[in-house]
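The values are calculated or read from the model by the stated rules, or taken from the named source; none is laboratory data. Given the structure is predicted, the values throughout are model-derived calculations rather than measurements. Heads up, the Cβs are rebuilt from the backbone with ideal geometry, glycines too, and the neighbour counts pull from every protein chain shown. Surface accessibility is based on the protein's heavy atoms, side chains included, excluding ligands, DNA and RNA. Shrake-Rupley method; radii C 1.70, N 1.55, O 1.52, S 1.80 Å.
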Amino acid sequence: MHMSRLHANVAPPAAPANGAIHPAWVRVTHWLNALAAIVMMLSGWRIYDASPIFPAFMFPPSLTLGGWLGGALQWHFAAMWLLVFNGLVYLALNLATGRFWHKFLPLSLRAIVGDLVAALTGKLSHADLRQYNAVQKCAYLFVTGDLIVLVLSGLAIWKSVQFPLLRELMGGYDTARIVHFTAMSLMAAFIVVPVAMVALVPRSLLTMLRGREGRSRS
């Protein structure tokens, strides 16, 4: 398959006048979202340990945040509000600027499979960091939806009485806890994607820090 070549032929959106691959608002909201998600995950593990859904499975205390249940809850709620407000800003700006449509769409199962095969065989090009391949598009769209489920299921647990409809949509309080745990586990698994991307293409980290690549050497 040559799906990655087909993607390369699609013209990317016009770059900002300063040549930045990622504008400042993308970089700021990206890192704030990452910080909030990691804090929520680590503090959530401590909360889980206080009342495990699966008693046979517990997280090592060294991997948790908060020290005790009360401290973990404070970290968790603080990160939740950061994630909600920063996430809304991120989504709003992506939609308002049209970046969402240019960066993540169109997307098809055939494209995902094609780029996944190319990646596994070492044939996927990373020459143009302005464009996401189909696997990246799928991963980022997936984690966006997963974070939304994470927040909604968390609300169904935290404010179960105040949001009875949300609680019932989640299948009840106990099921909401399972949904929340599953969404958290999927988010933890997603972290492998950007880490692998940085390992394969180290300059991708530079673009998310500085907004652009270093000057090419002639």
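Within segment 181-208, can you find the residues that are open to solvent by 70 Å² or more (accessible area, probe 1.4 Å) and modelled with pLDDT under 75?
ALA199, LEU200, PRO202, ARG203
Is there a residue in segment 138-152 that is small (Gly, Ala, Ser), surrounded by fewer than 16 Cβ atoms within 10 Å (Cβ to Cβ), out of contact with any Cys (no Cβ under 8 Å at 6 or more places or on another chain) and farther than 21 Å from ASN86 by Cβ?
No, segment 138-152 contains no residue that is small (Gly, Ala, Ser), surrounded by fewer than 16 Cβ atoms within 10 Å (Cβ to Cβ), out of contact with any Cys (no Cβ under 8 Å at 6 or more places or on another chain) and farther than 21 Å from ASN86 by Cβ.
Can you tell me which condition ILE53 does not meet? The list is (1) part of a loop (DSSP other than H, G, I, E, B); (2) surrounded by 19 or more Cβ atoms within 10 Å (Cβ to Cβ); (3) at pLDDT 85 or above; (4) β-branched (Val, Ile, Thr), and all the others hold.
The failed condition is (2).
Within segment 28-37, does at least one residue satisfy the condition of being open to solvent by less than 80 Å² (accessible area, probe 1.4 Å), out of contact with any strand residue (DSSP E or B) (no Cβ under 7 Å at 6 or more places or on another chain), within 25 Å of LEU155 (Cβ to Cβ) and part of a loop (DSSP other than H, G, I, E, B)?
The answer is no; no qualifying residue exists.
If you take the residues of segment 176-199 that are within 15 Å of the chain's Cα centre (by Cα) and small (Gly, Ala, Ser), which of them is nearest to VAL135 (Cα to Cα)?
ALA196
If a residue must be open to solvent by 90 Å² or more (accessible area, probe 1.4 Å) and closer than 21 Å to TRP158 by Cα, how many such residues does segment 59-70 contain?
The qualifying residues number 1.
Being under 20 Å from ARG210 (Cα atoms) and open to solvent by 30 Å² or more (accessible area, probe 1.4 Å) is true for just one of ARG99, ARG130. Which residue is that?
Of ARG99, ARG130, the one residue that is under 20 Å from ARG210 (Cα atoms) and open to solvent by 30 Å² or more (accessible area, probe 1.4 Å) is ARG130.
How about segment 181-206: which of its residues are touching a residue at least 40 places away in the same chain (Cβ under 8 Å), in a helix (DSSP H, G or I) and of a type outside the set (Lys, Arg)?
Those that are touching a residue at least 40 places away in the same chain (Cβ under 8 Å), in a helix (DSSP H, G or I) and of a type outside the set (Lys, Arg): PHE181, MET184, LEU186, MET187, ALA188, PHE190, VAL193, MET197, LEU200, SER204.
Given the criterion open to solvent by 60 Å² or more (accessible area, probe 1.4 Å), assigned to a helix (DSSP H, G or I), more than 23 Å from ARG46 (Cβ to Cβ) and touching a helix residue (DSSP H, G or I) at 6+ places or on another chain (Cβ under 7 Å), identify the matching residue among LEU88, LEU116, LEU166. So that I can check it myself, show each step before the final result.
Details: LEU88 fails: touching a helix residue (DSSP H, G or I) at 6+ places or on another chain (Cβ under 7 Å); LEU166 fails: open to solvent by 60 Å² or more (accessible area, probe 1.4 Å).
Testing whether each residue is open to solvent by 60 Å² or more (accessible area, probe 1.4 Å), assigned to a helix (DSSP H, G or I), more than 23 Å from ARG46 (Cβ to Cβ) and touching a helix residue (DSSP H, G or I) at 6+ places or on another chain (Cβ under 7 Å) leaves just LEU116.
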